[in-house]
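Undergrad: Quick one: this structure, given as structure tokens, is what I'll be asking you about.
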Ligand SMILES: NC(=O)c1ccc[n+]([C@@H]2O[C@H](COP(=O)([O-])OP(=O)(O)OC[C@H]3O[C@@H](n4cnc5c(N)ncnc54)[C@H](OP(=O)(O)O)[C@@H]3O)[C@@H](O)[C@H]2O)c1
């Protein structure tokens, strides 16, 4: 792929069809959890599937001193341990030959000339025509200075010795409220064009999430009922059984709304509810997603308590093991008011969805690890069955499972065999594993491939991020002024505070217990 005079992303073919152009992936935060546990194992998975370009290399950057060999050995152990990519020991060495390491403090301006030289010599040695992807896998407090220094060192633009494209991947959280997200966007866009910035939300890389498009717009039977006339409400759940897992310092400053709702859950909601785009082109898809985010009803500060219940776990039991309260976790303040659970009732103020509540819920230390979107249809008139022994008939339910088992099920009524008329709900099941057998590309792998191809479709834009924060700012303001406001406590291993039931319509709907 040729050099681009401003280093912006060239138009790209859809990812997955042909190998991406040669590139160097520079990961800042190379000794960290994300790199070890997700990025490298997923890249290895891409390598095993033959999806990486022939000329490709990784340059890991962090302060811990490693020689290349020690870095590879450390990553090998992690890749072997992680279950996601099938570990093929016989292919590891070929893959690992492309892994390199450079020890540097990214806050020190003096680090960058040597880093630039290392990038240049690696590109030359591996025949990479200066295409560079920077991955910011460090704590958010480093984002601004990292981007500034990349700009000051002239690494953000093509040069004679490094003539290719430049792209930058930024991890969540993208800001901690509207003002900080705007400031961060301003900094990023002072150095890169928006087309070069890939704000990663790994939920959007999951197969089932992408299948939402195909499911909704590739089948004739669902879209006609995908509206207020047929759908009663929508529940989006992302429940984890884990606690803060050693990330207490980050989490205690963030909480569930910033950590999960602002990005993953609102993005899922946008995909479920958006209008069909004109094409699968990145701009068309992202344009429709943004329109949807903008039509979510704003919540006034004084109404926050009516539409949101937040909670924090106390000690309890998960997976048969006793677990401590959130406040007893490492690096968490013993009198913390941070929420580890949040449930929201939102509306979409447009023609398709007026009057249909969207319930969003996420929590740590919940009863089960599950991410799903449940579409509850309106009940059928049950007049026909009113004089039979079946009584109340369940409404149809469509559930899109995102994890742990990617798939879809549809619940409908069937007559129980035997005399008389007794109606019982039964399920149609589809799982990716059963239908397609083969392992699907893990989410980070899929998204990294998209960045290499220059395909931004699955990455939230500046405006998406700011619109989500605009929506959540009233909640954050309310709790900042009164940190304990409405905080409920729930035992670890349950389904969150019972007060969340009151969010549902007039006691008629229930939270699912998947
Ligand atoms: N881990 C996950 O599952 C996950 C999921 C989603 C998003 N994220 C996001 O990904 C980012 C990284 O998370 P993480 O869990 O990998 O964090 P982490 O385990 O704490 O790793 C942080 C990395 O930053 C490096 N670092 C810190 N200060 C540095 C400096 N001055 N110069 C150079 N390197 C420096 C550290 O290496 P040295 O100490 O060796 O310098 C380490 O490699 C965060 O923004 C997080 O929110 C993580």
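Undergrad: Calculate the FRET efficiency for residue 433 and residue 378 from the Cβ-Cβ distance with a Förster distance of 30 Å, rounded to the nearest 0.05. Walk me through the numbers before you get to the answer.
TA: Working: r = 32 Å, r/R0 = 1.06.
For residue 433 and residue 378, the calculated efficiency is 0.40.
Undergrad: Given the DSSP H assignment, sum -39500 (n - 2.57) over each helix run of at least 4 residues in the chain and divide by its residue total; what's the result at 222 nm in deg cm²/dmol, nearest 500?
TA: Numbers: 14 runs with 150 residues, N = 514.
Rounded to the nearest 500, it is -9000 deg cm²/dmol.
Undergrad: Something else about it: How much length, in nm to one decimal, is gained on full extension between residue 513 and residue 303, taken as 0.36 nm per residue of separation minus their Cα-Cα distance?
TA: Roughly 72.9 nm would be gained on extension.
Undergrad: Starting from the Cα-Cα distance between residue 93 and residue 179, subtract it from 0.36 nm times their residue separation and give me the gain in nm to one decimal.
TA: On the way: separation 86, 0.36 × 86 = 30.96 nm, distance 4.59 nm.
Difference between extended and current length: 26.4 nm.
Undergrad: Turning to a different aspect of this structure: What do you get for the angle between helix 282-295 and the principal long axis of the chain? Use alpha-carbon atoms, 0 to 90 degrees, nearest ten.
TA: That works out to roughly 50 degrees.
Undergrad: On to the next question. Would you order 107, 187 from fewest to most other beta-carbon atoms within 10 Å of each residue's own beta-carbon?
TA: In increasing order of surrounding Cβ atoms, one gets 107, 187.
Undergrad: Could you tell me how far the Cα centroid of segment 191-212 sits from the Cα centroid of segment 298-323, in Å?
TA: 28
Undergrad: At what distance in nm do the modelled label points of residue 230 and residue 77 sit from each other, each positioned 7 Å from its Cα along Cα→Cβ?
TA: 5.4
Undergrad: Okay, next question. What relative contact order, as a whole-number percentage, does segment 204-507 give when Cα pairs under 8 Å and 6 or more residues apart are counted? Show your work: numbers first, answer last.
TA: Values: 550 pairs, mean separation 84.7, N = 304.
Reported as a whole number, the value is 28 percent.
Undergrad: A further question on this structure: Which of 146, 75 has the fewest other C-beta atoms within 10 Å, and how do the rest follow up to the most?
TA: Working: 146 21, 75 27.
Fewest to most other Cβ atoms nearby, the residues stand as 146, 75.
Undergrad: Okay, moving on. Using label points projected 7 Å from each Cα along Cα→Cβ, tell me how many nm separate residue 54 and residue 114, to one decimal.
TA: For residue 54 paired with residue 114, the spin-label model returns 3.5 nm.
Undergrad: From Cα pairs below 8 angstrom and at least 6 apart in sequence, can you work out the relative contact order of the chain, rounded to a whole percent? The partial results should precede the final answer.
TA: On the way: 957 pairs, mean separation 95.5, N = 514.
Answer for the chain is 19 percent.
Undergrad: Could I ask something else about it? Rounded to the nearest 0.05, what FRET efficiency do residue 69 and residue 328 give with R0 = 60 Å and r taken as the Cβ-Cβ distance? Could you check? Working shown, then result.
TA: On the way: r = 40 Å, r/R0 = 0.67.
Working from the Cβ atoms, E equals 0.90.
Undergrad: Mind giving me the nanometre distance, one decimal, between the label points for residue 485 and residue 426, set 7 Å out from Cα along Cα→Cβ?
TA: Roughly 5.1 nm, to one decimal.
Undergrad: For segment 481-514, list residues with backbone N below 17 Å from a point placed 7 Å from the Cα of residue 337 toward its Cβ?
TA: Those under the cut-off are 481-490.
Undergrad: A follow-up question, please. Between 0 and 90 degrees, rounded to the nearest ten: what's the tilt of helix 178-191 against the longest Cα principal axis of the chain?
TA: In the chain, helix 178-191 runs at an angle near 30 degrees to the longest axis.
Undergrad: Okay, next question. Antiparallel versus total DSSP beta bridges in the chain: what percent is that, nearest 5? Write out the running numbers ahead of the final one.
TA: Details: 42 of 78 bridges.
The antiparallel proportion sits near 55 percent.
Coordinate-derived values only; no laboratory data. The model shown is predicted, which means the values in this text are computed figures rather than measured ones. Every residue, glycine among them, receives a Cβ derived from its backbone with ideal geometry; neighbour counts consider all protein chains shown.
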